[in-house]
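To keep things clear, I will list the structure first and then write my remarks on it.
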Amino acid sequence: MAGVSFLSTLPSLRLRPHSPQSSLAFAAPEISSGVVCCYRRAEDAGEADERCVYHRRDVLRCVGAVVGMELISSSGSLTGVSNAADLIQRRQRSEFQSSIRGTLSTIIKGHPDLVPSILTLALNDAMTYDKATKSGGPNGSIRLSAELGRPENSGLSAALDLLVEAKKGIDTYSKGGPISFADLIQYAAQAAIKKTFLDSAIQKCGGKEDKGTLLYTAYGSNGQWGLFDKQFGRKDAEAPDPEGRIPQWNKASVQEMKAKFTTIGLGPRQLAVMSAFLGPDQLATENLLSSDPEVRPWVEKYQRSRETISQTDYEVDLITTLTKLSSLGQKIDYEAYTYPVKKIELSKLKL
């Protein structure tokens, strides 16, 4: 079956036969014994209007001030502090993620041959999830030799070694503690996916990098990564996940693959879209998957989508599936990688 491979865009992976304000001024409302008073200062009315005549707009302004004061009084001073702290933490995490993406993008760009292994590494770390016991999942346990050495993880050590090197660099600039392997592995898969989509756009532009980058920026699905990026704060497991939860993808039948995806709540559609994660030869994997009548329509759908300029159907479904896989069974710490902000001592400021 002819088709455009997600991985074939990488040269080393191609198949071989791949207004000014009113003069009316109101004093701050006085709150005393539960009574809020609002009055107009006589000196502000001018000597020609000592009666201080009120207009409807004056009353509305006063009411607004009262309501505002009441809201502030009822909400408590901690609300503003809490919101500010939350915004600071979000910014810290966002900036850290941006730096991580830069590091991973650079290191993966230098090792395009390891893209398939990085994708499988992320998949196998996540697919250990057991729905019945709610154990396993993308917890970084695949980094442990006892798990990495299993048959289903054969050939993935080079990809892990690359990420270990990336982690050393990331940890040097992290202000909120070292990044977990659980997060690192999934974000490496994201970086690998983005690189491959970018390479595909460049290829469609005749190999011109500037035009390809512009094409990907205009038609790519970067906006779909929002939920994935929120799942940031996984904790590393300290022991390997139980054996027997991952099939050997290069030896498994389509029925075995379908069965495994079913156990974690996914179906033929997700199996088809994750074909690039199931081995280095994506088109060969898709040919195998096409032998199953339930999977074939999805394989063909995504092959057609990869031939289009935007690849929207394929890209969006791939991002959606990876997002679900990368959070299976994980309790996300939304304060991970945040750090206290150094307080400014106003007394030391020179004006």
Quiz item: Can you name the residue in the stretch 296-326 that is surrounded by 21 or more Cβ atoms within 10 Å (Cβ to Cβ) and in contact with a Ser or Thr (Cβ under 6 Å, 6 or more places away or on another chain) and is also nearest to Gln255 (Cα to Cα) among such residues?
Solution: Val299
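Answer with yes or no whether Ala182 is assigned to a helix (DSSP H, G or I), surrounded by 13 or more Cβ atoms within 10 Å (Cβ to Cβ) and out of contact with any Lys or Arg (no Cβ under 7 Å at 6 or more places or on another chain). Walk me through it before giving the result.
Working: assigned to a helix (DSSP H, G or I): yes; surrounded by 13 or more Cβ atoms within 10 Å (Cβ to Cβ): yes; out of contact with any Lys or Arg (no Cβ under 7 Å at 6 or more places or on another chain): no.
It is false that Ala182 is assigned to a helix (DSSP H, G or I), surrounded by 13 or more Cβ atoms within 10 Å (Cβ to Cβ) and out of contact with any Lys or Arg (no Cβ under 7 Å at 6 or more places or on another chain).
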Self-check item: Which listed residue is at pLDDT 95 or above, closer than 25 Å to Glu95 by Cβ, among the aliphatic types (A, V, I, L, M) and touching a Phe, Trp or Tyr at 6+ places or on another chain (Cβ under 8 Å), from Leu123, Leu119, Leu163, Leu184
Solution: Leu163
Quiz item: Checking Leu283 against (1) of a type in the set (A, V, I, L, M); (2) within 27 Å of Lys131 (Cα to Cα); (3) open to solvent by 10 Å² or more (accessible area, probe 1.4 Å), which single condition isn't satisfied?
Solution: (2)
Quiz item: Restricting the stretch 187-218 to residues that are under 18 Å from the mean Cα position of the chain (by Cα) and polar (S, T, N, Q), which is modelled with the highest pLDDT?
Solution: Gln190
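Would you mind finding the one in Ser290, Ser253 that is over 25 Å from Tyr129 (Cα atoms), hydroxyl-bearing (Ser, Thr, Tyr) and out of contact with any strand residue (DSSP E or B) (no Cβ under 9 Å at 6 or more places or on another chain)?
Numbers: Ser253 fails: over 25 Å from Tyr129 (Cα atoms).
The conditions single out Ser290.
A quick yes/no check of all residues on (1) closer than 20 Å to Leu7 by Cα; (2) small (Gly, Ala, Ser); (3) open to solvent by 70 Å² or more (accessible area, probe 1.4 Å); (4) out of contact with any Cys (no Cβ under 6 Å at 6 or more places or on another chain):
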{"site": "Gln203", "(1), (2), (3), (4)": "yes, no, yes, yes"}
{"site": "Glu209", "(1), (2), (3), (4)": "yes, no, yes, yes"}
{"site": "Ser221", "(1), (2), (3), (4)": "yes, yes, no, yes"}
{"site": "Phe232", "(1), (2), (3), (4)": "no, no, no, yes"}
{"site": "Arg245", "(1), (2), (3), (4)": "no, no, no, yes"}
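Among residues belonging to the stretch 113-140 that are part of a loop (DSSP other than H, G, I, E, B) and among the hydroxyl-bearing types (Ser, Thr, Tyr), point out the one that is surrounded by the most Cβ atoms within 10 Å (Cβ to Cβ). Steps first, answer last, please.
Initial filter on the stretch 113-140 (part of a loop (DSSP other than H, G, I, E, B)): 127-129, 131-134, 136-140.
Add one more test, that the residue is among the hydroxyl-bearing types (Ser, Thr, Tyr), and what stays is 128-129, 133.
On the way: Thr128: 26, Tyr129: 23, Thr133: 9.
Filtering the stretch 113-140 for residues that are part of a loop (DSSP other than H, G, I, E, B) and among the hydroxyl-bearing types (Ser, Thr, Tyr), the one surrounded by the most Cβ atoms within 10 Å (Cβ to Cβ) comes out as Thr128.
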Quiz item: Here are some conditions: (1) more than 20 Å from Pro116 (Cα to Cα); (2) at pLDDT 95 or above; (3) open to solvent by 60 Å² or more (accessible area, probe 1.4 Å). Gly226 meets all but one. Which one does it not meet?
Solution: (3)
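The values are calculated or read from the model by the stated rules, or taken from the named source; none is laboratory data. Here the structure is a predicted model, which means the values were calculated and not measured. Methodologically, a virtual Cβ is constructed for each residue, glycine included, from the backbone with ideal geometry; neighbour enumeration extends over all protein chains shown. Note: accessible area is taken over every heavy atom of the protein model, side chains too, but ligands, DNA and RNA are not part of it. Shrake-Rupley method; radii C 1.70, N 1.55, O 1.52, S 1.80 Å.
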